[in-house]
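Inspection log for the structure reproduced underneath, given as structure tokens.
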Amino acid sequence: MAETTNISWCDATFNPWWGCTKVAPGCDNCYAAAMDKRVGGDHWGTSPRVMSDNNWKLPHRLNRKAIKENKRLRVFSGSMCDVFDKNAPEDQRERLWQVIRETLNLDWLLLTKRAPNIKKYLPDDWGEGYENVW
């Protein structure tokens, strides 16, 4: 996760894991896969990299910052993965939903190339959605 980012439409990024499965021709030019290779990874089309427990503390730190500054922060989750990838690491997607439920001062931005998978991978308590997920 980056507590700051040059992405103009968000305040920070959080990656619950790195890597995903290629699903479309557009994936051939994936910036995340290219970046992963530049830093010595190979997490596309193989096995995603599960992030450390320390990484998972970062959204809570951002949430505390948002409270202290009395403002909402936008967090792009999945710049280096796809939250709705069918090959996501076991239990990591549920772990993400739990963190999202616990960080109500963050607006979570979830982008995907796998729109048909969204409904399948939403948490059981999704209902009409979480107010802090875009």
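In region 26-46 there is no residue matching the filter, namely being modelled with pLDDT of 95 or more, of a type in the set (A, V, I, L, M, F, W, C) and either open to solvent by less than 70 Å² (accessible area, probe 1.4 Å) or under 15 Å from the mean Cα position of the chain (by Cα) (or both).
Checking CYS81 against (1) within 17 Å of THR21 (Cβ to Cβ); (2) modelled with pLDDT under 95; (3) out of contact with any Pro (no Cβ under 9 Å at 6 or more places or on another chain): exactly one of these is not met. Which one? It is condition (3) that CYS81 fails.
All conditions but one from (1) among the hydrophobic types (A, V, I, L, M, F, W, C); (2) within 20 Å of TRP134 (Cα to Cα); (3) part of a loop (DSSP other than H, G, I, E, B); (4) at pLDDT below 95 apply to VAL23; the one that does not is (2).
Across region 93-134, the number of residues qualifying as among the hydrophobic types (A, V, I, L, M, F, W, C), assigned to a loop (DSSP other than H, G, I, E, B) and either within 23 Å of GLY19 (Cα to Cα) or within 14 Å of the chain's Cα centre (by Cα) (or both) comes to 3. Could you tell me whether region 57-69 includes any residue that is outside any helix (DSSP H, G or I), open to solvent by less than 30 Å² (accessible area, probe 1.4 Å) and farther than 23 Å from THR21 by Cα? Looking through region 57-69, none of the residues is outside any helix (DSSP H, G or I), open to solvent by less than 30 Å² (accessible area, probe 1.4 Å) and farther than 23 Å from THR21 by Cα.
The values are calculated or read from the model by the stated rules, or taken from the named source; none is laboratory data. Please read all numbers here as calculations on a predicted model, not as lab measurements. Neighbour counts run over all protein chains shown; Cβ positions are idealised from the backbone, glycine included. SASA here: full protein model, heavy atoms, side chains in, ligands and nucleic acids out. Shrake-Rupley method; radii C 1.70, N 1.55, O 1.52, S 1.80 Å.
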